[in-house]
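Just so you know, all these numbers are worked out from the coordinates, no wet-lab data involved. Model, not experiment: these values are computed from the prediction. Neighbour counts are summed over all protein chains in view; Cβ atoms, including those assigned to glycine, are modelled from backbone coordinates with ideal geometry.
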């Protein structure tokens, strides 16, 4: 699992079209076409082939909790993101990992998750302080 | 070298403070505290230890040229970005690679490069079409 964490002043997304790649992709139902959040930690997350989901979920949720405490904002946005690695996990495993992260973070945070399996417009308005952007591998 | 390419409706950056990590960092002079660009391809670029600069430069500039043609916008923004890898190149090598990319792209594109060696606020307003975000390793 690879993740890029940003402390954002503003986050927005809008589902434009459903993805038809990689071959096995099964997009979720679109329940929420647009999302937005202010003052949040946004995590772009790529689940990879071979990931130990329990271990990765523990690692990323600890990082998110830490970063949320450090920046003093309780809003967490989880964005499924296919662009941090060349060896993506399949849909089932990807969703399993994302759900694990969402459920774990729900315990004590306000959590939003972006749609899985679509091409999305994305607005990231990132603060400029040290530690505003963090890259992690699990 | 790792790179994340986004087709952006809007890009902005503002240098907030100079970086003092990694240890060998030597920030450039700040000639332009703020930058902005509309309708552009923004490349977040991480130069890694062991990179063959000539080869990486060729690879990324070919990708940037291709993406620029596909999206129909001639503006290219090069952002030094320390957050796509754990094994960063040293300052000299990082700058050498970025300069190579900038000079190559200048041939036929309008190129902007963000400051090297600072904590920056960053606005990425990314279009939502297929191919809006691309991850590459060279």
Report task. Estimate the FRET efficiency between residue B:39 and residue A:62 by the formula 1/(1 + (r/R0)^6), using the beta-carbon distance for r and 35 Å for R0, to the nearest 0.05. Result -> 0.35
Query raised in the report: When only Cα pairs under 8 Å and 6 or more residues apart are kept, what is the percent relative contact order across the stretch A:49-138?
Result: 40 percent
Query raised in the report: Along Cα→Cβ at 7 Å, what distances in nm separate the residue A:31 label point from those on the other copies, shortest first?
Result: 5.2
Query raised in the report: Relative to the other copies, what are the label-point distances for residue B:92, with labels 7 Å from Cα along the C-beta vector, expressed in nm at one decimal and sorted shortest first?
Result: 5.3
**Report entry** FRET efficiency, residue A:92 to residue B:87 (Cβ-Cβ, R0 35 Å, nearest 0.05)
**Finding:** 0.65
Query - Inter-centroid distance (Cα atoms) of the stretch A:85-128 relative to the stretch B:95-137, Å - result: 25 Å
Report task. Take every residue in peptide A:67-80, count the Cβ atoms of other chains within 10 Å of its Cβ, and give the average of those counts. Result -> 0
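By DSSP, what percent of the beta bridges with both residues in the protein assembly as shown are antiparallel, rounded to the nearest 5?
75 percent
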Query - Whole-number percent relative contact order across the stretch A:21-94, with pairs defined as alpha carbons under 8 Å at least 6 apart - result: 49 percent
Report task. Specify, for chain A, the residue whose C-beta is closest to the rotation axis mapping it onto chain B, with the distance given in whole Å. Result -> A:124, 2
**Report entry** Highest-first arrangement of A:51-62, B:56-67, where packing means the average Cβ count within 10 Å
**Finding:** B:56-67, A:51-62
Report summary line: Here the whole-number average of other chain Cβ atoms within 10 Å per Cβ of A:112-122 is 3
Query - the protein assembly as shown, helix-only ellipticity at 222 nm - DSSP H runs n ≥ 4, -39,500 (n - 2.57), divided by all residues, nearest 500 - result: -8500 deg cm²/dmol
Report summary line: Nearest-0.05 FRET efficiency for residue B:110 and residue B:137 at R0 = 35 Å, using Cβ-Cβ distance, is 0.85
Report summary line: With Cα springs under 10 Å, the Gaussian network model of chain A assigns the largest mean-square fluctuation among A:36, A:68, A:118 to A:36
Query raised in the report: Of all DSSP beta bridges in chain A, what percent run antiparallel (nearest 5)?
Result: 75 percent
